[in-house]
1. When ligands, DNA and RNA are left out and all protein chains stay put, how many square angstrom of accessible area per residue does the chain have with a 1.4 Å probe?
2. Please list the radius of gyration and Dmax for the stretch 46-193, considering alpha-carbon atoms only, with Å as the unit.
3. Mean projection of the alpha-carbon convex hull of the stretch 115-247 over all orientations, in nm²?
4. With an 8 Å Cα cut-off and a minimum separation of 6 or more residues, compute the relative contact order for the chain in percent.
5. In a GNM of the chain with a 10 Å cut-off on Cα contacts, which of Ser149, Ser228, Ser196 has the highest mean-square fluctuation?
6. For Lys199, which lysines qualify as cross-link partners when the Cα separation must be under 24 Å and same-chain residues fewer than eight apart are set aside?
7. Cut-off 10 angstrom, C-alpha nodes, Gaussian network model of the chain. Which of His181, His159, His78 fluctuates the most?
8. In nm², what is the average projected area of the convex hull enclosing the Cα atoms of the stretch 190-247?
Amino acid sequence: KEEAFKAGLVYILNPETQAFFNASKSFRSPLTDEFLFFDNSFVRQIDTGLSTQTSLGFDGGVRHAFNQYLRSDITVFHMDLDNEIFFDPVSFKNDNYDKTRRQGANLQVDFKLTKRITAFANWMYTRAQFLKGAFDKKTIPMVPLNKFSAGFNVGFWEHWKVIPVVNFVGRRYMISDQANHAGKLDAYVTADLRMSFEKENYELFLNANNIFNRKYSEYAVTNSAGTSKNYYPSPERNFSAGVKVKF
């Protein structure tokens, strides 16, 4: 049995400025396959000792419109997790960390250049650390310190819209590198383009992802000793299209 809640408070200082604060508690029960593992005889077993992951988080910040063209939101956040679920590369089964923490800040800026063109940018700074156990004070794998995206929202011909976006993801430790001794994955930059036609209750869209065909690995896994590194190549240039209808 677990409980979850979310509560928030907004204070309107003036028509251009709002301050806000949120508190939340959540949980994640292990998935069915996360309970399963193979013993030394390669017989599948059920790990009855795997616990539910719980978290308690707080965030707060300010939304402010400087004028009719420029607005920004800044948020700071803090989250403590107990029994975070992870795959242990030593025992080859899922286990629970003692205690972990994620804290940082997020900044969103929107600038209206013309009636139909808006520039936007988002920066997220995250510190993710172990607080107890064998990896105390180490950085949690696969969490970049910095992430950034920026682009334009361009409207034309009344119903058409084009959104070019550039994304940056900073360096981060590989999966299973809780000891932080295998080196970091390189940072990477990609560019995406979305075009859409919206009218009444339907939308047609075309997405072009990684348009410059950047070759990079979003994920990589190492062993407990940090001597083996397995890189998973991310998709090269790719496209998707579809229709959205509102009833």
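1. Ligands and nucleic acids excluded, the result is 64 Å² per residue.
2. According to the Cα coordinates of the stretch 46-193, Rg and Dmax are 19.8, 60 Å.
3. Quarter of the Cα hull surface area: 10.8 nm².
4. After rounding, I find 10 percent.
5. It is Ser228.
6. Leaving aside lysines fewer than 8 places away in the same chain, those within reach of Lys199 are Lys112, Lys115, Lys161, Lys244, Lys246.
7. His159
8. That works out to 5.9 nm², a quarter of the Cα hull's surface.
The values are calculated or read from the model by the stated rules, or taken from the named source; none is laboratory data. In this text, all values refer to a predicted model and were calculated from it rather than measured experimentally. With ideal geometry, Cβ positions are generated from the backbone for all residues, glycine too; neighbour counts draw on all protein chains shown. We work out accessible area using only protein heavy atoms, side chains counted, and drop any ligands, DNA or RNA first. Shrake-Rupley method; radii C 1.70, N 1.55, O 1.52, S 1.80 Å.
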